[in-house]
Amino acid sequence: MADRYFNPFQAIDIHVPVEFHDSVSRYSQTGGNAVIDQSPFPRMVDFWFLAVCVAARLDLDPEDISRYATKKIIDGAIFGSDPWRVHTLMLIAIGKTGDVEIVSEPRKMMALVSGLAVAGLPKVIEMLKEGDAEPIWNLSDAIDSLLRKRAA
Amino acid sequence: MKLLCAEFQNFRLLRDLELRFSVDPHKKLTVIRAANESGKTTILHALQWALYGDAALPGKGDGFRLHPIDWSAPDGKRVPITAMVEFELTTYRQIGGELREARRRYRIVRAAFEEVDATARRTASTMRLFALNDSGASPIESPEAFVNDELPPELREVFFTDGDRALSFIEADVAQSTKRERVQRAIRSLLGLGVIEQAMKHVQKAAADVNRKAKQVGANAELRNIASRLEEIDKESGKFEAALADAKQQFAAFDEKVEETDRKISAALQKGDKEKLRKDLEHAKREIKQLDDQLAAANKEHSALFRNREVATELLAPVLRRAYDKLEELHDQGKIPNTTIPVLQNRLTAEICICGEPLVPGEPDCDERRAHIQKLIDDSLRADEIQEIITDLYYGAKPLPTDGNSWLDEYKKIVERRDGLKALRDDGGRKFRALEIELDALPDTDVQGLREARRQYKEQRDRHLSKSSSIETQLLSLRREREGLNVEFERLLREQKKGARILAELEVTQDVSRVLQSAYDRITKEELRKVSDLMNRIFLEMIGADPEQGAIIRRAEISAEFDIKVHGPNDRTLNPDRDLNGASRRALTLAFILALTKVSEVEAPNVIDTPLGMTSGYVKRSLLRTAIRESAQLILFLTHDEIAGCEEIIDDAAGAICTLTNPTHYPKMLLNDPGSAERKVLRCSCTHRNDCPQCQRRTDSDIRPEMAS
Ligand SMILES: [Zn+2]
Ligand SMILES: [Zn+2]
């Protein structure tokens, strides 16, 4: 299937609002931070992706990213190696809009999930900071309790 | 004599130290609180150097460096070393039938310069003595003689004692003759028997003169021959006696070295094997490295929890389920083909259909079936873009909606793994630090080298022993020959005209000699008895409260042969090493020292390092109390451990207390950074009851974390 698999986000850059960029970089190892306990995310895109998931989980409304000054963190080609991420983003788009046809409009999908990321980023940053331990433990415990709330 | 104060500059660890001692008759005790390696032994040396010069230093000061070992060159290449001691003398004078007490104060200053290089060459020290009075200080002539009168150098060991070394008066690992000689020397010099010894030498010389006269008395050739021979014998005997004394002294010196080396060897062995510790340390280091690697891997796995699929799909479970339901709906409506191109393509390549029918090209029916499948593929390829994406998504995203809990399970495992590794790592770290401390505490001893040194010392010692016994034999035969010749000599003299007068002179010298000898023996015997009795009383009082020892010890004495002996029930002689515990051995030597000082009626200080080591509880307190009572001035160097349990006694008896600190003990034993790593003893006025930032120490649990096993 690999040869036929296609990544609709291939040509689209992933952006975050400028105000969050420092935090995204600070908590990611690709931001140049070696101490895992302080910077739990392997890559900036993992931070961004978790923000999307958290926002969707909490059923937050996507923000309108076009109203923000943004900064690129990476281009969409990154998903070329992870088909499940592409599928997940597409399902989120379908779930949020209720419209299956949205899958043919990559930019619209990206605008939607990026809007979710903007809504989710402050939540994840809060998770990292809230607690007495290092960010990795604070975040782990927050995700743990979020997963246990089955009702969402 | 009582010590008032002392000041030292650049004397080894004592770069600049001042000490005050109590002279209050109601507060006779001075306590200098100091941990080991905080300059106690150095102060003992410095005090003795001030009073007696290089002769009082180890090895008579030969090769014994005095300047601080970390002296830095910019401070000068010649180090000025000074030691100052002020003391008080009480004299009694009969004035108009009344005994008047007079106190005078004196100051001794000794100074020397030492080169800062490997040779550590030192100028001969100069010593000056001043009498202190209201108008100032007036110098006193021949200060050495003055000090020798007030604190006889033979008694250095009695006035300045190291609790451990003092045991050498009784310890079994020194030769009997060495102990005997030490006790004898101490007693004789304290009792002033030196004067009688001098007189006896005088009389001997007078007898020799008589001999010479006899030679000139007449023409009798035989008489002249005998007189010459007697003269020769006396000369020879004198030489032999000097050689014997020298051999005995050498024997004692080497015996002491053998014993000292033994102590070093057993201390080194007791503390453990350095090589083994090093290996253990290496092993601990490797273990820590492995744990660190495992911890790093566990951290990476922890981090991977935030990029793995489960975190997304399990967080998104409700969202994904809803969206996928929509795709299922389309599929049920037939809007998503059941097959996909890759699946069909695979079938064609595999030449077998999903239903099991063969799809071999060229075979009957098969070509037809292959054509049908190829048509399905072509239809799919023709489907519009949306259809294609949705189909792809429908099949690709099928596994994404989930009810699993695998993220929580994985997280739990990682927490356990990290916690477990962390605990192991902490243990490993503690173990490593404990080993490091243990290794640091080890003296850099080369046990092999010590054994070799011991062998050589022992060889030397034994050589001097056999030398002295051969000299003794020669002396004995000379003495016999002399006796025989003497009988003949007197007979021949009687036959001479002038012989009677010479004979009378000879008899007089012999009588005087006998009188002196018996006085010498009597004083020795009587005073010995006094010292012995007082020692016994003090000793029994010190250990009286120890039920364990009380049951086996009856009395202690100094025998006529100058052996310190302890007796048990039925007058059985006990072996101090085997039958006495550490506290009793210490009590016995302290009792001897105190008794000796007291019987001599010399008012003198007792400066003792580590007097209470190896003692505890009631015995420790009784030992301290008795020592305070029996001494004229008691200056004790005590460790924190020795002080423990004796605080109230010190409250009552101490007129001066201070604390010494070695800043290089930071951070291992000291709590606060002294701000300087210079090797230098610092003093603070903290007492046995308090401490300050300078002297505050870590508790045992801080410095010796439990070994994880
Ligand atoms: Zn078939
Ligand atoms: Zn202090």
field: Given (1) more than 15 Å from ligand 2 (Cβ to nearest atom); (2) more than 23 Å from the chain's Cα centre (by Cα); (3) among the basic types (Lys, Arg), number of the condition residue B:689 does not satisfy
entry: (1)
query: If you check every pair at least six apart or on different chains, which have Cβ atoms under 9 Å apart with a residue in the stretch B:341-360 that is at positive phi first and a residue that is more than 16 Å from ligand 2 (Cβ to nearest atom) and among the basic types (Lys, Arg) second?
result: B:351/B:370
query: Does the stretch B:649-659 contain any residue that is more than 14 Å from chain A (Cβ to nearest Cβ), modelled with pLDDT of 95 or more, touching a helix residue (DSSP H, G or I) at 6+ places or on another chain (Cβ under 8 Å) and within 14 Å of ligand 2 (Cβ to nearest atom)?
result: yes
In the stretch B:81-103, the residues that are surrounded by fewer than 13 Cβ atoms within 10 Å (Cβ to Cβ) and either at pLDDT 90 or above or of a type in the set (Gly, Ala, Ser) (or both): B:96, B:97, B:102
Per-region count, the stretch B:540-589, residues farther than 22 Å from residue B:627 by Cβ, among the small types (Gly, Ala, Ser) and in contact with a strand residue (DSSP E or B) (Cβ under 9 Å, 6 or more places away or on another chain): 2
query: Do any residues in the stretch B:235-261 that are surrounded by fewer than 15 Cβ atoms within 10 Å (Cβ to Cβ) have Cβ atoms under 9 Å from those of residues that are among the β-branched types (Val, Ile, Thr), where the two are at least six apart or on different chains, and which pairs are they?
result: B:241/B:471
message: Residues to consider are B:679, B:629, B:625; find the one that is in contact with a Pro (Cβ under 8 Å, 6 or more places away or on another chain), away from every other protein chain (no Cβ under 14 Å), more than 16 Å from ligand 2 (Cβ to nearest atom) and among the basic types (Lys, Arg).
response: B:679
query: Being within 30 Å of residue A:149 (Cα to Cα), within 14 Å of another protein chain (Cβ to nearest Cβ) and touching a His at 6+ places or on another chain (Cβ under 6 Å), is that true of even one residue in the stretch B:411-428?
result: yes
query: What about residue A:54, is it touching a residue at least 60 places away in the same chain (Cβ under 8 Å), more than 11 Å from chain B (Cβ to nearest Cβ) and either buried (at least 21 other Cβ atoms within 10 Å of the Cβ) or part of a loop (DSSP other than H, G, I, E, B) (or both)?
result: no
message: Condition (residue is closer than 28 Å to residue B:559 by Cα, touching a residue at least 12 places away in the same chain (Cβ under 8 Å) and β-branched (Val, Ile, Thr)) applied to the stretch B:497-512: is it met by at least one residue?
response: yes
query: Is the stretch A:25-38 home to any residue that is of a type in the set (Val, Ile, Thr), within 14 Å of chain B (Cβ to nearest Cβ), free of Cβ contacts under 8 Å to residues at least 24 places away in the same chain and assigned to a helix (DSSP H, G or I)?
result: yes
- prompt: Do we have any residue at all in the stretch A:104-115 that's surrounded by 23 or more Cβ atoms within 10 Å (Cβ to Cβ), assigned to a helix (DSSP H, G or I), among the hydrophobic types (A, V, I, L, M, F, W, C) and more than 8 Å from every other protein chain (Cβ to nearest Cβ)?
  reply: yes
task: For the stretch B:79-99, enumerate the residues that are out of contact with any Lys or Arg (no Cβ under 6 Å at 6 or more places or on another chain) and among the polar types (S, T, N, Q).
output: B:82, B:91, B:94
message: Only one of B:416, B:363 is away from ligand 2 (no atom under 16 Å from the Cβ) and surrounded by 12 or more Cβ atoms within 10 Å (Cβ to Cβ). Can you tell me which?
response: B:363
field: Hits in the stretch A:59-101 (condition: facing chain B (nearest Cβ under 10 Å) and either surrounded by fewer than 19 Cβ atoms within 10 Å (Cβ to Cβ) or among the charged types (D, E, K, R) (or both))
entry: A:59, A:82, A:83, A:84, A:85, A:96, A:97, A:98, A:99, A:101
message: Could you check the stretch B:307-330 and list, in sequence order, the residues that are more than 7 Å from chain A (Cβ to nearest Cβ) and outside any helix (DSSP H, G or I)?
response: B:308
- prompt: Out of all the residues in the stretch B:269-306, which are touching a residue at least 24 places away in the same chain (Cβ under 8 Å) and outside any helix (DSSP H, G or I)?
  reply: B:272, B:305
- prompt: Could you say whether any residue in the stretch B:385-397 is of a type outside the set (D, E, K, R), within 16 Å of ligand 1 (Cβ to nearest atom) and either on the phi > 0 side of the Ramachandran plot or in contact (Cβ under 8 Å) with a residue 24 or more places away in the chain (or both)?
  reply: no
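The values are calculated or read from the model by the stated rules, or taken from the named source; none is laboratory data. Bear in mind the structure is a predicted one, so any value in this text is a computation, not a measurement. Cβ atoms come from the backbone with ideal geometry, glycine included; neighbour counts cover every protein chain shown.
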